[in-house]
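Structure record follows, encoded as structure tokens.
The values are calculated or read from the model by the stated rules, or taken from the named source; none is laboratory data. This structure is a prediction, so every number in the text was calculated from the model and none was measured. Neighbour counts are summed over all protein chains in view; Cβ atoms, including those assigned to glycine, are modelled from backbone coordinates with ideal geometry.
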Amino acid sequence: MDGKEGVRKGPDMMEIGLVEQATVAVKDGKVIYAGPAENAPQFEANEEIDCHGKLVTPGLVDPHTHLVFGGSREHELALKQQGVPYLDILKQGGGILSTVNATRDAKEEELYNKALFHLDRIMSYGVTTMEAKSGYGLDELNELKQLRVTKQLQKDHPLDIASTFLGAHAIPPEYKDDPDAFLSEMLRVMEVVKEENLAQFTDIFCETGVFTVEQSRKYLEKAKELGFEVKIHADEIDPLGGTEMACEVDAISADHLVGASEKGIEKLGESRTIAVLLPGTTFYLNKNEFAKARDMIEHNAAVALATDFNPGSSPTENLQLIMNLAALKLRMKPEEIWNAVTVNAAHAIGYGERAGKIKEGRNADIVIWDVPNYLYIPYHYGVNHVNTVIKGGAVAYKRGEQLGRVTVS
């Protein structure tokens, strides 16, 4: 899966560079050959993996997760089933502020061990590169605590992890009457984040009841002045114009976009901003309207897919499930889906030249699947199709075997 260079937009999302009867050779953690077996040079191999009858792809990339958090929110599911509004759940001590409180109460070691467990599971589903956001601290001490945990995980875990500062994820109770003052405080924290090199990106939640388009614009522009690439949670529920604004400030990605307007979709196609769609969130919240992926692709936008792994609205580490939902609910074609979880997802987190392709000279991040072809995974849902995950040329996960990091029976 090599094909065209750069991000795949619009009709180019149908290009996957499929090679039948292929060979991939790896040396010192790098791909040294990828192409038809009949054209492969003679290699002196220390080890060979027979992939006859299997699919071999680049490692998947998950470009939107909330990896580090305390606690869980399974007790809220019954309330949601009863139709209790989110604001009422919030008043009962639930919702995002429940996770904020649990994260504030947790020590770094607890957060680290919890995130490590989830990372292992994420890798077992075929992900070799991902993004992780803060956003459950909402104050300096705890936002930095989350980001420091992520930084330690970057050192300790095989997965490549891009870090995002999402201090502006919600308005904490102490600032409920003055959100501008809270954003000013988060801008001050952002300077510390930059000094300690704790994140590559800054994100903000632009939505009704959280931050307005203009508040978000000013915040992201300040972030860019500090040297951050910017992302945005935009138009998840209401079409406020966050999609348009994301394109105007040259955000690397705009995420959610269920309520994106026609004008916003047109702007995506004219910009470098990648639409990161999160159908698992819409599914879990039991909403009827999903993001308009077909319109975006037809307007020449670049689309990526992500789990939005988090304890409240998308508690899943399974990017394969998101691929299924993309086929069934977003009406994306299999080729588009594969580009959305590899090439485009990598570009959405600044890893476009490092991940998302099997290419000579790149790190050997490869997944071997127990399926006969690339059409099969978006079709057959509810199970893990991974046979082997190779990260940087080393086997990091193999189904049914213990390899130090991941054990799956």
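Inside the stretch 44-89, can you point out the residues that are without any contact (Cβ under 8 Å) to a residue 40 or more places away in the chain and touching a Lys or Arg at 6+ places or on another chain (Cβ under 9 Å)? Hits for the stretch 44-89 are TYR86, ILE89. Residue check: ALA102 meets all listed conditions (1) closer than 21 Å to HIS157 by Cβ; (2) among the hydrophobic types (A, V, I, L, M, F, W, C); (3) surrounded by 15 or more Cβ atoms within 10 Å (Cβ to Cβ) but one, namely (1).
In this structure, is VAL31 crowded, with 16+ Cβ neighbours inside 10 Å and either of a type in the set (D, E, K, R) or under 30 Å from GLU109 (Cα atoms) (or both)? Answer is no for this residue.
Between GLU195, GLU244, which is farther than 25 Å from THR282 by Cα and modelled with pLDDT of 95 or more? After ruling out the rest, the residue left standing is GLU195. Looking across the stretch 168-181, the residues that are touching a Phe, Trp or Tyr at 6+ places or on another chain (Cβ under 9 Å) and touching a residue at least 24 places away in the same chain (Cβ under 8 Å) come down to ALA168, HIS169, ALA170, ILE171, PRO172, PRO179.
The residues in the stretch 244-265 that are within 18 Å of the chain's Cα centre (by Cα) and crowded, with 24+ Cβ neighbours inside 10 Å can be counted, and the count is 7. All of (1) in contact with a Leu (Cβ under 7 Å, 6 or more places away or on another chain); (2) among the small types (Gly, Ala, Ser); (3) surrounded by fewer than 17 Cβ atoms within 10 Å (Cβ to Cβ) hold for GLY361 with one exception: (1). Just checking, does the stretch 28-41 include any residue being modelled with pLDDT under 95, part of a loop (DSSP other than H, G, I, E, B) and more than 17 Å from LYS391 (Cβ to Cβ)? Looking through the stretch 28-41, at least one residue is modelled with pLDDT under 95, part of a loop (DSSP other than H, G, I, E, B) and more than 17 Å from LYS391 (Cβ to Cβ). Just one of (1) in contact with a His (Cβ under 7 Å, 6 or more places away or on another chain); (2) farther than 23 Å from LEU277 by Cα fails for LEU67. It is (2). The requirement of being exposed (fewer than 12 other Cβ atoms within 10 Å of the Cβ), under 18 Å from HIS169 (Cβ atoms) and in contact (Cβ under 8 Å) with a residue 24 or more places away in the chain is fulfilled nowhere in the stretch 106-115; no residue meets it.
Scanning the stretch 71-92 for residues that are hydroxyl-bearing (Ser, Thr, Tyr) and not in a helix (DSSP H, G or I) gives a single hit, SER72. Looking at the stretch 93-100, can you tell me whether even one residue there is assigned to a helix (DSSP H, G or I), over 24 Å from the mean Cα position of the chain (by Cα), modelled with pLDDT under 95 and not acidic (Asp, Glu)? No, the stretch 93-100 contains no residue that is assigned to a helix (DSSP H, G or I), over 24 Å from the mean Cα position of the chain (by Cα), modelled with pLDDT under 95 and not acidic (Asp, Glu). Residues that are closer than 22 Å to LYS357 by Cβ and in contact with a Ser or Thr (Cβ under 8 Å, 6 or more places away or on another chain) within the stretch 368-385 comprise ILE368, TRP369, TYR374, listed in sequence order.
Out of VAL258, VAL249, VAL341, one residue alone is in contact (Cβ under 8 Å) with a residue 24 or more places away in the chain, of a type in the set (Val, Ile, Thr) and touching a strand residue (DSSP E or B) at 6+ places or on another chain (Cβ under 6 Å). It is VAL341.
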